[in-house]
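Okay, so here's the structure we're looking at.
The values are calculated or read from the model by the stated rules, or taken from the named source; none is laboratory data. Small disclaimer: the values here were computed from a predicted structure and weren't measured. With ideal geometry, Cβ positions are generated from the backbone for all residues, glycine too; neighbour counts draw on all protein chains shown.
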Amino acid sequence: MIQSATAASAFFGLDRFAPYNAQASRNEALSAGVSGQRRSEPVDRADGSNKSDATNASDKTEKTPGKEELTADQQREVQKLKQRDQEVHRHEQAHMAVGGSLVRGGPSYTYQTGPDDRRYAIGGEVSIDTSPGKTPEETIPKARHIRAAALAPADPSPQDRSIAAKATQLESDAQIELAQIKREEAAQAREASLLEEEEKAAEDAARRQNAEAASSIGGRGTGGAGTSSEVGFYQSTGEANLVGMQLDFYA
């Protein structure tokens with residue numbers, strides 16, 4: 001099972017096998033039976049001991065409670081536990097292999113002791129980082145990686161599927177945010193382009209106005225100079241003639 005690094009710890013399949021605690025009651029019943037059998041056997045020896053004591057003693061040394069042969073039911077339970085142990089290890093290793101840089105801890109296992117006094121893994125978890133990236137561009141590939149790690153085992157658990165669904169939602173939200181950012185950037189680019197065109201048009205209009213003003217001022221200056229020259233010419237000529245006439249008159 002894959003586990004979010006920020007979520008509470010949880011395991012799946014812990015109740016698949018009930019803890020085995022029937023061994024003690026079986027040993028008690030076995031001991032009670034042996035005691036009853038001893039009390040019913042006749043005393044054949046002079047010292048009061050039973051002739052089968054030696055045999056019973058050797059049996060006790062060979063058959064301790066922890067080493068007694070398993071019943072058919074116990075053997076079936078051990079077989080199930082072995083199979084479960086293999087499944088759990090394969091499951092968590094698949095998370096580890098695909099999770100890679102996302103893995104923050106694990107695998108950690110939960111064990112159960114079987115009738116053979118051996119421990120078997122019946123549950124496990126791998127913690128991974130499920131936080132979004134700093135930007136939508138970082139979040140989208142990270143969300144896909146999270147989903148791949150969650151669904152890596154052949155038999156994803158409900159917790160695995162839940163994290164995969166959250167990763168899908170994380171990717172969708174990042175794509176929406178990225179599309180919004182691109183729309184805003186496009187609008188800003190259009191506004192900047194329009195502003196640039198307006199500034200260019202204003203500059204062109206200003207240059208045209210300056211050129212027209214300069215042309216108008218130049219035309220008016222040439223006409224005035226000609227008129228003054230002509231007036232001055234006539235005035236000069238008139239005065240000269242008048243003086244000459246006067247000189248001639250008094251000569």
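Residues in region 149-163 that are aliphatic (A, V, I, L, M) and closer than 20 Å to Arg84 by Cα were compared, and the one that is farthest from the chain's Cα centre (by Cα) is Ala154. Within the option set Ile146, Ile176, being touching a strand residue (DSSP E or B) at 6+ places or on another chain (Cβ under 7 Å), β-branched (Val, Ile, Thr) and modelled with pLDDT of 95 or more holds for one residue only, Ile146. Criterion applied to Gln175, Gln169 was being of a type outside the set (Ser, Thr, Tyr), touching a residue at least 12 places away in the same chain (Cβ under 8 Å) and under 30 Å from His95 (Cα atoms), and the one residue passing it is Gln175. Pairs linking a residue in region 94-113 that is touching a residue at least 60 places away in the same chain (Cβ under 8 Å) and farther than 26 Å from Lys80 by Cβ to a residue that is not in a strand (DSSP E or B) and not polar (S, T, N, Q), with Cβ atoms under 7 Å and 6 or more positions apart or on different chains, are Gly99/Ala149; Arg104/Ala5; Arg104/Asp129.
Among the residues of region 94-111, write down those that are in a strand (DSSP E or B) and either in contact with a Gly (Cβ under 7 Å, 6 or more places away or on another chain) or over 18 Å from Pro156 (Cα atoms) (or both).
Arg104, Gly105, Pro107, Ser108, Tyr109, Thr110, Tyr111
Can you pull out every residue in region 112-165 that is part of a loop (DSSP other than H, G, I, E, B) and among the hydrophobic types (A, V, I, L, M, F, W, C)? Walk me through how you get there before you give the answer.
Start the filter on region 112-165 by keeping residues that are part of a loop (DSSP other than H, G, I, E, B), which leaves 114-118, 129-135, 151-157.
Across region 112-165, the qualifying residues are Leu151, Ala152, Ala154.
Put simply, of Gly99, Gly114, Gly124 the only residue that is farther than 25 Å from Ile176 by Cβ, in contact with a Leu (Cβ under 9 Å, 6 or more places away or on another chain) and either surrounded by 15 or more Cβ atoms within 10 Å (Cβ to Cβ) or of a type in the set (A, V, I, L, M) (or both) is Gly114. As a summary of the residue check, Asp117 satisfies the conditions (1) touching a residue at least 40 places away in the same chain (Cβ under 8 Å); (2) touching a strand residue (DSSP E or B) at 6+ places or on another chain (Cβ under 9 Å); (3) over 23 Å from Ala164 (Cα atoms) except for the one numbered (2).
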